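K.L.:
Here it is: the structure, laid out below.
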Amino acid sequence: MKENQPLHTSQTSDEVPLRPGLEGVPVTRSAICDIDGLQGKLSYRGYSIAELTAQSSFLETSYLLIWGNLPNPQQLRDFEKEIQMHRRVSFRVRDMMKCFPASGHPMDALQSSAASLGLFYSRRAIDNPQYVYDAVVRLIAKIPTMVAAFQLIRKGQDPIQPRDDLAYSANFLYMLTEREQDPLAARIFDKCLILHAEHSLNASTFSARVTASTLTDPYAVVASAVGTLAGPLHGGANEDVLTMLETIGSPENAGSYLDQAIAKKQKIMGFGHREYRVKDPRASILQELAEELFARFGSDEMYEVAKALEKEAEPRLGSKGIYPNVDFYSGLVYRKLGIPRDLFTPIFAISRVSGWLAHWREQLGTNRIFRPSQIYKGEQNRKWLPPEQRNTTNLQNPQI
Ligand code: CMC
């Protein structure tokens, strides 16, 4: 189809091909992130992910993603300072979080608390550059505080305040674990945030752009993206990877586990990607980071299972282009950092908020509200009948 060629409502449904999941359908132009799924390459704003992970920090990378260029020293200092100043959340938000059920999933807590920020700051002044800058700062600053706060609240404790002397990642780990972490742990965590910050039009980013296209406020944009990220086919997969590795139990079982799962047409969690036909470059870097952590703080027996699974999967799934994705090794890294399993996806959100905000800004720049079409396959021209005359046998739910 030619670029910008309109589809008219007069076209019949049979003339328009259905693309479930919008696979391969471009819906926007973007200058934020480039993926080469055949060669396993990923770049943000033209910088390779390997270079950013090695050289940059999460806040510098966030600045790059959102504003398009790396900051100069003053811009970086200002951005870091602004974020440090906005880390605290209102006592009202903390009190609201205390009313959440402790058994609730932290992603649901995060979605609710992110949305609640709109109650405090929403003026929908999205054409005011200062409002946009402040919203970016607030969201990047406050989301980690809210994730850490819920972790303590659900244990029956009061959240602890951010520490101004600690950098972004070190402060988050401090608020979460109530102790200052080894600098290597904080540095590796910061690299994990860089790796997860952006990945083009994945489901949650698309969700963010759809919400942004209505010109609602950025807190609603981020809250809708958090809800989309939560599912097991997207950000929720890294929790399931660890469960799967524990089920496999030892490296010798990896082959038979794969054979059984493939025979039952079960998905192997942490494998496969809509964009990549080779190993996800982020998985390779995360594997190196995991090894760095194991070398310093001791190994994890599940890492041996993971390596065996990757090796055994190659001859079974490699021909279909199914290789480890970003979620395969990230859980092992977070586990070594002492992070509870159900916080893995909220941590993904802490990082991905930068990508969502970059897409929010880009969407506003050339906005057209998203409104795809459908191919209607339902009934036509039915007549309303009084309840006693209705034939209920063909109702989808006979209980009704
Ligand atoms: N294990 C086994 N087979 C797979 C897998 C997998 N993980 N992923 C895809 N396949 C097979 C699938 O069975 C199908 O085979 P066939 O053509 O014989 O029916 C073929 O590959 C195409 O699968 P698909 O589901 O149509 O592919 P997709 O592009 O829609 O799926 C995916 C992408 C990520 C949803 C999928 O690979 C998957 O469910 N993976 C497991 C969950 C996971 O790890 N998710 C994290 C994704 S990366 C991080 C993120 O984006 O949040």
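The values are calculated or read from the model by the stated rules, or taken from the named source; none is laboratory data. A quick note: this is a predicted structure, and the numbers were derived from the prediction, not measured. No Cβ is skipped: glycine too gets one built from the backbone with ideal geometry, and neighbour counts run over all protein chains shown. Accessible surface areas use protein heavy atoms only, side chains included; no ligands, DNA or RNA. Shrake-Rupley method; radii C 1.70, N 1.55, O 1.52, S 1.80 Å.
K.L.:
Suppose all protein chains stay in the model; what accessible area per residue would a 1.4 Å probe give for region 130-220, in Å²?
P.N.:
Ligands and nucleic acids excluded, the figure is 30 Å² per residue.
K.L.:
Let me ask something additional. Which ³J(HN,Hα) values in Hz, rounded to whole numbers, follow from the phi angles of region 33-38 under the Karplus curve 6.51 cos²θ - 1.76 cosθ + 1.60, where θ = phi - 60° and Gly and Pro get x?
P.N.:
9, 10, 10, 10, x, 8
K.L.:
Evaluate the relative contact order of region 23-169 (contact order divided by residue number), counting alpha-carbon pairs under 8 angstrom at least 6 apart; express in whole percent.
P.N.:
That works out to 21 percent.
K.L.:
Rounded to the nearest Å, what's the spacing between the alpha carbon centres of region 139-177 and region 64-95? Just the number, please.
P.N.:
If we compute the Cα centre of each part, the gap is 15 Å.
K.L.:
If the cut-off is 26 Å between C-alpha atoms, which lysines fall inside it for residue 142, apart from same-chain ones fewer than 8 positions away?
P.N.:
Reachable lysines: 81, 98, 155, 191, 336.
K.L.:
What percent does the relative contact order of region 195-238 come to when contacts are Cα pairs within less than 8 Å and at least six residues apart?
P.N.:
36 percent
K.L.:
If each residue of separation counts as 0.36 nm, what is the full-extension length gain between residue 382 and residue 103 once their alpha-carbon separation is subtracted?
P.N.:
Stretched out fully, the residue 382 to residue 103 stretch lengthens by 95.9 nm.
K.L.:
Let me ask another. Give the carbon-plus-sulfur fraction of the accessible surface of region 337-390 in %, rounded to a whole number; probe 1.4 Å, heavy atoms of protein chains only.
P.N.:
Exposed carbon and sulfur together represent 48 percent of the surface.
K.L.:
Taking the Cα centroid of region 214-257 and of region 363-391, what is the distance between the two, rounded to the nearest whole Å?
P.N.:
31 Å
K.L.:
Shifting gears a bit: Can you give the calculated 222 nm mean residue ellipticity of the chain, where each DSSP H run of n ≥ 4 adds -39,500 (n - 2.57) and the sum is split over every residue, rounded to the nearest 500 deg cm²/dmol?
P.N.:
-17000 deg cm²/dmol, from helical runs alone.
K.L.:
On to the next question. With springs only between Cα atoms under 10 Å apart, run a GNM on the chain and tell me which of 111, 380, 363 wobbles the most.
P.N.:
380
K.L.:
How far apart, in nm, are the 7 Å Cα→Cβ label points at residue 292 and residue 70?
P.N.:
A separation of 1.7 nm, rounded to one decimal place.
K.L.:
What number, in percent, do you get for the relative contact order of the chain if the mean sequence gap of Cα pairs under 8 Å and at least 6 apart is divided by its residue count?
P.N.:
22 percent
K.L.:
So, one more: In the chain, how does Rg compare with the Kirkwood Rh, expressed as the Rg/Rh ratio over alpha carbon atoms?
P.N.:
In the chain, Rg relative to Rh is 1.00.
K.L.:
Could you identify which residue out of 322, 49, 262 has the top mean-square fluctuation in a GNM of the chain using Cα springs shorter than 10 Å?
P.N.:
Comparing 322, 49, 262 in a Gaussian network model of the chain, the most mobile one is 262.
K.L.:
Of all the accessible heavy-atom surface of region 237-336, with the other protein chains kept in place and a 1.4 Å probe, what percent is carbon and sulfur?
P.N.:
47 percent
K.L.:
If you don't mind, there's one more thing I want to ask. If I stretch the segment between residue 177 and residue 120 completely, what's the gain in nm (0.36 nm per residue apart, minus their alpha carbon distance), one decimal?
P.N.:
Between residue 177 and residue 120, full extension yields 17.7 nm more.
K.L.:
Could you let me know the centre-to-centre spacing of region 21-59 and region 294-362, using Cα atoms, in angstrom?
P.N.:
Rounded to whole Å, the Cα centres lie 17 Å apart.
K.L.:
So, with a 1.4 angstrom probe, what is the percent of accessible area on region 107-234 that is carbon and sulfur?
P.N.:
Here carbon and sulfur together make up 52 percent of the probe-accessible area.
K.L.:
Running a GNM on the chain with Cα contacts under 10 Å, which residue among 108, 217, 95 ends up with the highest mean-square fluctuation?
P.N.:
Residue with maximal mean-square fluctuation among 108, 217, 95: 95.
K.L.:
Here is a further query. Rolling a 1.4 Å sphere over the protein heavy atoms, what is the accessible area per residue of region 225-357, to the nearest Å²?
P.N.:
Accessible area per residue: 40 Å².
K.L.:
A further question on this structure: What helices in the chain pass both tests, a Cα length along the helix axis of 15 Å or more and a mean Kyte hydropathy of 0.0 or higher, using whole DSSP H runs?
P.N.:
106-121, 129-154, 183-196, 218-229, 237-248, 281-297, 344-365
K.L.:
For the pair residue 19/residue 90, report the inter-label distance in nm, with labels modelled 7 Å from Cα in the Cβ direction.
P.N.:
4.2 nm
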